[in-house]
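Working notes, beginning with the structure itself.
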Amino acid sequence: MSLRVERVSSPAFELEVLPEMGASILNLRAASGRPVMRTVPLEAVLTSSQCASYTLLPFSNRIRDARFVFGGQEVALRVNTDDGLAQHGDVRNRPWQLLERSDTHLRYGFDSRAFPDINWPWAFTAQIEYRLHGPHFDTTLTLTNADGRDMPAGMGLHPYYVRVQDGVEAALQLGADLKYDTDERLLTVGGARPLRPDEDYRTPSPVGGRFIDGTYTAWDGLTRLDWGVRALTVTADNVYSHSVVFTAPDGSLALEPVSHATDAFNLAAQGVAGVDARTLSPGQSLAGTVRVTLEGDW
């Protein structure tokens, strides 16, 4: 498949986007060429999983056995993982339409009704907007219920940031007080609990050799990577109440702002508090912006 790359730039950033691949980010670099997110050659992209960042809609992360109960009815989705789950929504590998662009701005739209095989029984629309300004890169995501019924809803972003710059591993700072336990399929079990010392990044610390794939909450919406001579700060709107941290096998660090806990729809149906499963009435939207700010010598 031949993928079209759309590029915009500013005095601080260079951004490359693949509209046919979920409007996913192929690369995000500083204007100097230094990578901010992991470097991805176009020829390596077979799905959005190889991109630098992709979008999670109309839910984020995993749903146990691809089933949940909503409004007293069981909802069955197609399984899309080897271990029997529905994962990461169903927009990230589909084409999005370019709605607006300028030298520093891209806006794309998605309508689930254009895809008869969409893995979601409710109609929805979405927009994603990328904007470069000053030292900032903003991503604004909007999910709208286009159905005539109430719809469960969630969203998130899945960026992979560079972890080591010039041989120096970044110190990670994550302003979150709670974390969830998970089972062998990385599905949430129960409510969030206080952090153990080896999970606590409220004080900046390198990840080191730890493997992390977990969801934090009671998050203040602020994450920071600091290499000493340079740093980046991620700031998320309040709709992103949870943050998934994943040490990827390629050495990058996924820092995912998401609107709910993993498997939130099932947990909410079981009465687990604080997982932030949302319901959108017909015509109602869920929206929020995530900002990446560069500091220091990029």
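Laboratory data are not the source of any read-out in this text; all were calculated from the coordinates shown. The model shown is predicted, which means the values in this text are computed figures rather than measured ones. Cβ atoms come from the backbone with ideal geometry, glycine included; neighbour counts cover every protein chain shown.
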Counting only backbone N atoms under 18 Å from a point 7 Å out along Cα-to-Cβ of VAL229, the residues of the stretch 268-298 in range are 294-298
Return the sequence-ordered ³J(HN,Hα) values of the stretch 272-285 in whole Hz as given by the Karplus equation 6.51 cos²θ - 1.76 cosθ + 1.60 applied to θ = phi - 60°, using x for Gly and Pro. 6, 7, x, 8, 6, 5, 9, 10, 9, 6, x, x, 7, 10
Extension length gain for THR125 and VAL5 (0.36 nm per residue less Cα distance), in nm, is 40.9 nm
Spatial separation of Cα centroids for the stretch 143-208 and the stretch 99-135, in angstrom: 24
Please report, in whole Å, how far the alpha carbons of the chain spread along each principal axis, starting with the longest. 54, 46, 32
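Using Cα pairs under 8 angstrom and six or more residues apart, how large is the relative contact order of the stretch 6-296, in percent?
19
What does the charge dipole of the stretch 6-296 about its Cα centre add up to, to the nearest 20 debye, if the Cβ of each Lys and Arg holds +1 and the Cβ of each Asp and Glu holds -1?
240
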Hey, rough spin-label estimate for GLN73 and ASP183, points 7 angstrom out along Cα→Cβ, what's it come to in nanometres? 2.6
Taking the convex hull of the Cα atoms, report for the stretch 60-176 its projected area averaged over all directions, in nm². 11.1
Quick check: Cα centre of the stretch 232-273 to Cα centre of the stretch 78-96, how many Å? 17
Label model pair LEU99, LEU42: point-to-point distance (7 angstrom along the Cα→beta-carbon line) in nm is 2.6
Can you list the residues, at least 5 places off or on another chain, whose amide H is less than 5 Å from the amide H of VAL244, using H built in the peptide plane? TYR216, GLU256, VAL258
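Given the Cα-Cα distance of SER285 and GLU20 and 0.36 nm per residue of separation, how much length would full extension add, in nm?
Separation in residues times 0.36 nm, less the Cα-Cα distance, equals 93.0 nm.
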So who's got an amide H within less than 5 Å of the one on ARG278, skipping anything under 5 residues away but keeping other chains? H placed 1.01 Å off N, in plane. ALA153
What's the local net charge at ALA23, with K and R +1, D and E -1, over the other residues with C-beta under 15 Å away? -1
Under Karplus coefficients 6.51, -1.76 and 1.60, residue-wise ³J(HN,Hα) of the stretch 112-120 in Hz, glycine/proline x: 4, 5, 7, 10, x, 9, 4, 8, 6
Count charges around ASN266 for me, please; just the other residues with Cβ under 13 Å from its Cβ, Lys/Arg as +1, Asp/Glu as -1. 0
So which residue, out of GLY191, GLY71, GLY274, gets the largest mean-square fluctuation from a GNM of the chain using Cα contacts under 10 Å as springs? GLY71
Extension gain from HIS133 to ARG34, taking 0.36 nm per residue of separation minus the Cα-Cα distance: 33.9 nm
